[in-house]
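Bear in mind that the values in this text are calculations on the coordinates, not laboratory data. Keep in mind the model is a prediction, meaning the values are calculated, not measured. When we count neighbours, we look across all protein chains shown, and the Cβ atoms used for this are built from the backbone with ideal geometry, even at glycine.
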Amino acid sequence: MGNLAIETDNLSRAFGQVRAVEQLNLRVPPGVVFGFLGTNGAGKTTTIRLLLGLLEPTEGSARVMGFDTRREADEIRPRTGALLEHPGIYERLSAEDNLEFYGRIWRIPAAERRTRIKELLTHLGVWERRKERAGTWSRGMKQKLAVARAILHRPPLIFLDEPTAGLDPVAAAALREDLAGLTQREGVTVFLTTHNLAEAEKLCGLVGVIRQGRLLAVGHPDELRARAGGPRAEITGRGFTPELVSVVRALPQVLAAQAQNGRLMVDLRDDVPLAPVVRAVVDAGADIEGVQRGAASLEEAFLALVEDSR
């Protein structure tokens, strides 16, 4: 088994005729934020439930922190934290009392419990509001409290199922920042499901893409981006006529080019200098306001993978 946090071998789960998870082979090392990416209904939540031993696999096997999910689920659950579709927050209790309640369930000694609750609520920026009833909090603040609940007992592995779903962009960005800070400080392994690719790009050191229960690819976000296409440039400005685009496409450094909404997107051959391309665009009569060089986004990589699998 080595020291993998999660290892699955041909893990599968069917519900009647529907194959929710199909021959899943995953290796997640400890200490990473692993992003499990897929559209709704791809099999992300089913995978988490299999890994926590809440569902029996139809075939195949999984080990979480060395424990078999079929036979040793009772060893797995105390060593993990989970934020699934229900946040597990008692709305009538204060934020502090919510964590106090869970701290007692985990049998954390009283002094340690108080220190831990203060530490987590302070890091999440809500310590001053700990006496308020959780039910009066915004959705974003309730999610913060739910994250604190999931890591209260210092588990080495946490599962977060779409943690920012339904949050407005400001609350989602704040929670992302909190998660990045907490995971670094706590040194935990995180298994994060999301269909928000910008989120995965910011948080994850390793990502897997799943579609209709099948794993399409696993790798560092940069690896997946590289698969979707090499280096590219985005030129903003005016005058990107069809004639100009044809001129750019004919350049030896260029693989493809297209113009839309005042932007000229240029796919380049590996590591060629950009200056001749920019010069050609200017010579062809365009006004350039900005030039940015980069790789394909994770979103483009994800869409390319999903498209290829069809």
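Data table
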item	result
Top of G290, G103, G41 by mean-square fluctuation, Gaussian network on the chain, Cα under 10 Å	G290
Between 0 and 90°, nearest 10: helix 169-186 axis offset from the chain longest Cα axis	60 degrees
Lysines whose Cα lies under 30 Å from that of K44, excluding same-chain neighbours fewer than 8 positions away	K142, K144, K202
Computed over the chain: relative contact order in percent, which uses C-alpha pairs under 8 Å that are six or more apart	19 percent
Theoretical gain in end-to-end length, E307 to A250 [0.36 nm per residue, Cα-Cα removed]	17.8 nm
Beta bridges per DSSP with both ends in the chain, % antiparallel, nearest 5	65 percent
For the chain, calculated [θ]222 nm from helices alone, where every DSSP H run of n ≥ 4 adds -39500 (n - 2.57)	-10500 deg cm²/dmol
Under Karplus coefficients 6.51, -1.76 and 1.60, residue-wise ³J(HN,Hα) of the range 247-257 in Hz, glycine/proline x	4, 5, 4, 7, 5, x, 7, 9, 8, 7, 8
Choice from A20, A284, A174 with maximal GNM fluctuation in the chain (Cα, 10 Å cutoff)	A284
Relative frequency of Cα-Cα separations exceeding 27 Å in the range 1-150, percent	36 percent
Calculated FRET efficiency for the pair A173/A275, C-beta based, R₀ 45 Å, to 0.05	0.80
Per DSSP, loop trypsin sites (Lys or Arg not before Pro) in the range 205-269 with at most 12 further Cβ within 10 Å	R269
Ranked by how many other beta carbons lie within 10 Å on average, peptides 47-54, 300-307 from highest	47-54, 300-307
Helix 95-105 vs. the chain, principal-axis angle (Cα, 0 to 90°, nearest 10)	60 degrees
Per-pair calculated FRET efficiency, R0 = 30 Å: E91 and E112 via Cβ, rounded to 0.05	0.70
Convex hull (Cα only) mean projected area of the range 231-294, reported in nm² to one decimal	3.5 nm²
Other-chain or far-sequence residues with amide H under 5 Å of V33's (modelled H)	V190, G205, L206
Extension gain from R133 to A73, taking 0.36 nm per residue of separation minus the Cα-Cα distance	18.2 nm
From the coordinates shown, Rg and Dmax of the Cα atoms in Å corresponds to which of [x] 22.6, 80; [y] 22.8, 69; [z] 23.4, 74	[z]
Qualifying aspartates and glutamates (Cα of each under 16 Å from Cα of K118; at least 8 residues distant if same chain)	E96, D97, E100, E128, E132, D178, E186
Taking the range 121-255 and dividing mean pair separation by its residue count, relative contact order in percent (alpha carbons under 8 Å, at least six apart)	16 percent
